[in-house]
Amino acid sequence: MIEPVVIETDRLRLRQHRVDDLDACAVLGRDPIAVEFIYKAPLSREDVWHRLQRFAGHWALLGYGLFVVEEKATGRIIGEVGLADFKRGLGEDFDGAPEFAWVMSSDVHGKGYASEAAKAALGWIEVKMAPPRVVCIIDPENAASLRVAEKLGFRAYGSAEYKGKTVTKLERLA
């Protein structure tokens, strides 16, 4: 069993996914605003289950992965944030680096939770792994995520076609 990782900020708790997170993660996956720029449509419960297993697999195989983001005041899961190796096939300038990702429930948009969670996760990643470079992709129409990425120190360096859409490739150097 992998040693659980828990990161706390003033307002949030970041931790690894558990089986009993399925219902809360399914609510997040069905939030059409939260997933608008990530998936073509809200996710089915089955799709969310597969994602949860994939994220648990990252931790088991690689020692890192995405965290669920809980709001401390309510205990409610409001998002996911962390590092992955999705093997997207976006080229040598992308696929060789760890990929950072985040999604937050639409009812907490504009409260700074994405930036707070992402900064905490990146801080853990820098201590645990010290990667020289971290990448991410963002839909160029997703202005809110582009602002979060900029706050985190990510800079655009190109674009790619991914699943029929153009995405902006960003990087964050150590």
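Give the Kirkwood hydrodynamic radius (Å, one decimal) of segment 100-174, defined as one over the mean of 1/r across all pairs of different Cα atoms.
One over the average 1/r among Cα pairs gives 13.0 Å for segment 100-174.
If you take the square roots of the eigenvalues of the alpha-carbon gyration tensor of segment 92-140 and sort them as a ≥ b ≥ c, do you get rounded (a/c under 1.5), prolate (a/b over b/c) or oblate?
On the way: a/c = 3.65, a/b = 1.46, b/c = 2.50.
Because a/c hits 1.5 or more and a/b fails to exceed b/c, segment 92-140 counts as oblate.
Could you sort out which of 128/163; 40/72; 72/165; 128/169 sit more than 27 Å apart by Cα distance in this structure?
128/163; 40/72; 72/165
Determine the share of segment 97-169's accessible area contributed by carbon and sulfur atoms, expressed in whole percent, with a 1.4 angstrom probe.
Reported share for carbon and sulfur atoms: 53 percent.
Name the shape class, rounded, prolate or oblate, that the alpha-carbon gyration tensor gives for segment 1-60, where a ≥ b ≥ c are the square roots of its eigenvalues, rounded holds for a/c under 1.5, and otherwise prolate holds if a/b is larger than b/c and oblate otherwise. Each step should come with its number before you reach the end.
Numbers: a/c = 2.29, a/b = 1.43, b/c = 1.60.
Oblate, since a/c reaches 1.5 and b/c is not below a/b.
Report the residue, chosen from 92, 150, 80, that carries the largest GNM mean-square fluctuation when the chain is represented by alpha-carbon nodes joined by springs under 10 Å.
92
How far is it, in nm, from the label point at residue 156 to the one at residue 144 when both lie 7 Å from their Cα along the line to the Cβ?
Simple spin-label model gives 2.0 nm for this pair.
What residues have an amide H closer than 5 Å to that of residue 30, excluding those fewer than 5 places away on the same chain, when H is modeled at 1.01 Å from N in the peptide plane?
Excluding prolines and chain starts, which carry no amide H, the hits are 43.
Rounded if a/c is under 1.5, else prolate if a/b beats b/c, else oblate: with a ≥ b ≥ c from the C-alpha gyration tensor eigenvalues square-rooted, which is segment 56-164?
Oblate shape, in that a/c is at least 1.5 and b/c is the bigger or equal ratio.
Let's test the formula: R0 of 35 Å, r as the Cβ-Cβ distance of residue 8 and residue 166. What FRET efficiency results, to the nearest 0.05?
Working from the Cβ atoms, E equals 0.40.
With θ taken as phi - 60° and the coefficients 6.51, -1.76 and 1.60, list the Karplus ³J(HN,Hα) couplings across segment 7-16 in order, rounded to whole Hz; mark glycine and proline as x.
Values per residue, Gly and Pro as x: 10, 10, 10, 4, 10, 10, 10, 10, 8, 5 Hz.
For segment 15-93, what relative contact order do you get, as a whole percent, if you take Cα pairs closer than 8 Å and at least 6 residues apart?
Contact order relative to length: 28 percent.
Please arrange 38, 77 by accessible surface area, largest first, computed with a 1.4 Å probe and ligands excluded.
Details: 38 85, 77 20 Å².
Result of the area sort, largest leading: 38, 77.
Pick from 58, 50, 17 the residue whose mean-square fluctuation is largest in a GNM of the chain, springs joining Cα atoms under 10 Å.
Taking springs between Cα atoms under 10 Å, the residue moving most is 50.
With point charges of +1 on the Cβ of Lys and Arg and -1 on the Cβ of Asp and Glu, referenced to the Cα centre of the chain, which listed residue (48, 78, 140) lies farthest in the positive direction of the dipole?
So the residue we want is 140.
Along each of the three principal axes of the Cα atoms of segment 1-117, give the extent in whole Å, ordering the values from largest to smallest.
Ordered largest first, segment 1-117 gives principal extents of 41, 35, 27 Å.
How much net charge surrounds residue 15 when only other residues with a Cβ under 10 Å from its Cβ are counted (Lys, Arg +1; Asp, Glu -1)? Provide the component values of the computation, followed by the final result.
Details: positive: 13, 18; negative: 8, 21, 70.
Net of charged neighbours comes to -1.
Local charge sum around residue 48 (other residues, Cβ-Cβ under 10 Å, Lys/Arg +1, Asp/Glu -1)?
Overall, the nearby charge balance is -1.
Taking amide H positions as placed 1.01 Å from N in the peptide plane, with prolines and chain starts having none, which residues 5 or more places from residue 79, or on another chain, fall under 5 Å of its amide H?
Amide H to amide H, under 5 Å and 5 or more residues apart or across chains, residue 79 pairs with 69, 105.
Please give the contour-minus-distance gain from residue 76 to residue 39: 0.36 nm per residue of separation, less the Cα-Cα distance, rounded to one decimal in nm.
Contour length minus the Cα-Cα distance gives 11.1 nm.
The values are calculated or read from the model by the stated rules, or taken from the named source; none is laboratory data. Only a predicted model underlies this, so the values are computations on that prediction, with no experimental measurement involved. Note that we place each Cβ from the backbone using ideal geometry, even for glycine, and neighbour counts take in every protein chain shown. Side chains are part of the model used for accessible areas, which takes the heavy atoms of the whole protein and leaves out ligands, DNA and RNA. Shrake-Rupley method; radii C 1.70, N 1.55, O 1.52, S 1.80 Å.
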